[in-house]
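Values quoted throughout were computed directly from the atomic coordinates according to the rules given, and no laboratory measurement underlies them. All of these numbers come straight from a predicted model, not from anything done at the bench. All Cβ positions, glycine included, derive from the backbone under ideal geometry; neighbour counts span all protein chains shown.
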Amino acid sequence: MKAIHNLFEKVKPNFTDGGKWEKFFPVYDAFETFAFVPGHSAQSGAHIRDGVDLKRTMVTVILAMTPALLFGMWNVGLQHYKALGVADQMEFLDLMIFGAWKVLPMVVVSYAVGLGIEFIFAIINKHSINEGYLVSGMLIPLVMPVDIPLWMVAVSTVFAVVIGKEVFGGTGMNILNPALTARAFAFFAYPSWMSGDKVWVNTGGEAVVDGYSGATILGNLATTGQAGTAYADWGIAEMIIGTIPGSIGETSKIAILLGAMILLITGVASWRIMFFSAVGALTMGLIFNAFAEYAISPEQQAFMAVPYWQHLIIGSWAFATVFMATDPVSGAQTEKGKIWYGFFIGFFGIMIRVFNPAYPEGMMLAILLMNVFAPLIDHYVVEGNINRRTKRLKLANA
Amino acid sequence: MSKDIRIKRGLDIRLKGSAEKVLSQAPDTGVYAVQPTDFIGITPKLLVKEGDQVCAGDPLFFSKDDERVRFSSPVSGEIAAVVRGAKRKLLAIHILADKEQKFTEFKRPDTGNRDGLIDLLLESGMWPFIRQRPYAVIANPSDAPKSIHISCFNTEPLAADVDFTLSGSEEDFQEGLEAMKTLTSGKVHLNVDSSAPVNSLFEKAEGVQVNRFKGPHPAGNVGVQIHHVEPLNKGEVVWYAYPQDVVAIGRLLRTGKADFSKVVALAGHSLQQGKYFKTLPGTPIKSILDGHELSGDHRVISGTVLTGNKTDMDGYLGFYHSEITIIPEGEQPEFFGWLIPDPKKFSNSRTLPSWLQPKKEYALDTNMHGEERAFVVTGEYEKVFPFDIYPVQLLKSILVEDIEKMEQLGIYEVAEEDFALCEVVCTSKLPVQSMVRKGLDMVREELS
């Protein structure tokens, strides 16, 4: 510990004013403050400070995502060997190793590209490097299908960090959730890769079992109105445990629930957003159930008739609600606003999912939509407060 | 028409090192200092020069904006030094105290003579005790305040116990309270803590409204109390004073002497045992600390850990402060400090284990535990900010210097002390109190 500190002190002069790498000070600073929370004391205002900082907040979110990541790796292996028809002969470790071999490169690419851009912008703008990307960098691989080429991950990340975040001024200033921006970019730029049934399961180009289908449950529902196919009849248990095809992190509702517990117990994420997203989704589900008979096609009727509560365990509702909707920067910032923000995410997410088969995953679009509307929601909440004050003033002067 | 008010949002930070309720007399020899920087928004104009002799109660300087507002020497003696900083800014006037204290005699006005009372307070240098919301600055003697609020308890960590500081001064307090009633045609509010037995001094008081408050800090802040009793509108003015200041005013009326002495708590876990001292504002901290051993690097604070001023061993007690708090400096880098769940750290968030032990007393130092960042986390200020005001939105309107928005969002109802907890719990380590002060100054300048 002392030795590491001495090492930092030894190389520091190279990065400070006049040093040969002075331009790279933000990079040095990022590494030093990563290893050591600086010994700065409060110089103005309150003399004691809370033990929490942005790094701790962010690392709590990463911790919450870990179960989904680990399960996602295992499931990638499971789906792969299942498609090849040899899943029964494989050990737990085989599945994990295959999954890690597929997933970890995506994590590495996401972090390397994203942090690289953050470092460049920090050097150009001469500000310290923010921790925001630590979470985005983990979210991006988790919302991608496993078979996406690494260069697409890289390009999506570049788009998300530059257009989604840095052009607005970096962490804390962005309007859209960066990880979802990456997902949306990949989805619209490479639609043939990001939809359909080829990309969710890695088959490695090998021979697959008869009747194999790599489609997700949402994909099936949109095309046939049935959750399962002849290849695999997905039931409630599979949806909850997560042994189904899908984006890497979204499949296991149990892993996501674990993450949600961590976020809620530590108070890092807003329970309001999560709870009201569920209320919104269930409301929309109930509406669909009630009006299923008016559907325009038998497939849509079957989709609309899916029991309302199942929408919470199908697709990415759970993952998006727990990890994406609760992003404090792009979400509503007032406590009242969070209620409406959460509600409409759930509501529109299910609506888009069912009504628009071209975009089977409605949650992504619903959150991006509500990201844009969050400032408007906050505006009306704050306006209400202002009106109360104006009214009080009028009453006092009357 | 007393009110019972329950404050729900807030935070009591339990710190080690509270002062034992034992009163000592501080040695009153040495050099005292009056620091114009204690008075927010004042441009001082000096009235004395080095070598002058002054009595206790004689003016040292006045406010450039209002010549009636004068600031007096708390002791008699010789002006030892006039300390100036950059751009000749007046920082302090040092007075070498006489062995025998001499007081200027003031004449008491008739009971109920408001103008006479104001003149007396202005002349004696006791006027600065009367402050006003909005802006939390010295009151304008020409204003007619809607009411006067006196917060009879302090909920800040390691704050001086108000009941203890008043014991023995009951008559002076009552006399001072009469003066407060003379100063306003509205009500005088005594805001008391209903979670503890209420001092009979406050309950017996006649012709005042006693409001009973219950809840965590900042329930003891006068700004919170005004907000919950009668929220301040644009154009309205409410005056306020601390209980010990009311005592000093009562003493002036009873004796005709400007005796500024007050009871001050010496606290903080850097000390083996804190206790209370009877002393004067501007007293050298060293004289109080005599006999206390300190090793290592410590932060000497005039005031409390939340709102006090940073000073050092050679510093002086501030005019409005009733505490001297000493805690260790925290200038050690923490190896992976953001990762390790250190049980010695305090956090209002539940990302550290401190929430599992709500009753634990902490020995906190001055470390920031992180670096400044943009606003990211939402909802954390609101948990410790018991106002019907959106704190982050108000701060953002201050950052963009939008005065109209500040007014709409309620800047008249707050002062920096009300935001002290927001600053403590801030994940992004933003200098919230100085931001609020900047906003208040901006609005005050605009409207003057």
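Just to confirm the filter: which trypsin sites (Lys or Arg not before Pro) across segment B:289-380 are DSSP coil and have at most 14 other Cβ within 10 angstrom of their Cβ? Answer by residue number: B:Lys344, B:Lys359, B:Lys360. In the protein assembly as shown, the calculated helix contribution to ellipticity at 222 nm averages -13000 deg cm²/dmol per residue, counting -39,500 (n - 2.57) for every DSSP H run with n ≥ 4. For segment B:214-282, the Cα gyration tensor yields ellipsoid semi-axes of 28, 23, 9 Å (square root of five times each eigenvalue, largest first, whole Å). Computed extension gain for B:Arg68 through B:Lys107, at 0.36 nm per residue and net of the alpha carbon distance, reaches 12.3 nm. Of all stretches in chain B that contain no GluC sites (Glu not before Pro) in a DSSP loop with at most 15 other Cβ atoms within 10 Å, the longest one is B:101-205. Cβ-to-Cβ counts within 10 Å put A:Leu134, B:Leu421, B:Leu409 in ascending order as A:Leu134, B:Leu409, B:Leu421, the fewest first.
Separation of segment A:240-266 and segment B:149-175, taken as the distance between their Cα centroids, equals 55 angstrom. Reported to the nearest whole Å, the Cα centre-to-centre distance from segment B:363-407 to segment A:35-65 is 16. When each full DSSP H helix of chain A is screened for a Cα extent of at least 27 Å along its own axis and an average Kyte-Doolittle hydropathy of at least 1.0, the helices passing are A:92-125, A:271-291. For segment B:70-127, trypsin sites (Lys or Arg not before Pro) are listed when DSSP marks them as loop and at most 13 other Cβ atoms sit within 10 Å of their Cβ; the list is B:Lys89, B:Lys99, B:Lys107. Mean projection of the Cα convex hull over all viewing directions, computed for segment A:317-398: 6.0 nm². Per the Debye calculation on chain A with a single equal scatterer at every Cα and no solvent contribution, log₁₀ I(q)/I(0) for q = 0.07, 0.08, 0.13, 0.14 Å⁻¹ amounts to -0.37, -0.48, -1.11, -1.24. Counting Cα-Cα pairs of the protein assembly as shown in 10 Å increments starting at 0 gives whole-percent bin shares of 2, 12, 19, 20, 16, 12, 9, 6, 3, 1, 0. A cut-off under 13 angstrom between Cβ atoms defines the neighbours of B:Gly17, and their net charge, with Lys, Arg +1 and Asp, Glu -1, is 0. Segment A:354-391 and segment B:51-116 have their alpha-carbon centroids 59 Å apart. For segment B:28-103, the convex hull drawn through the C-alpha positions has a volume of 82 cubic angstrom per residue. Computed from the Cα positions only, the extents of chain B along the three principal axes stand at 63, 50, 48 Å, in decreasing order.
Taking amide H as placed 1.01 Å from N in the peptide plane, the amide H of B:His298 sits under 5 Å from that of B:Glu329, each at least 5 places away or on another chain.
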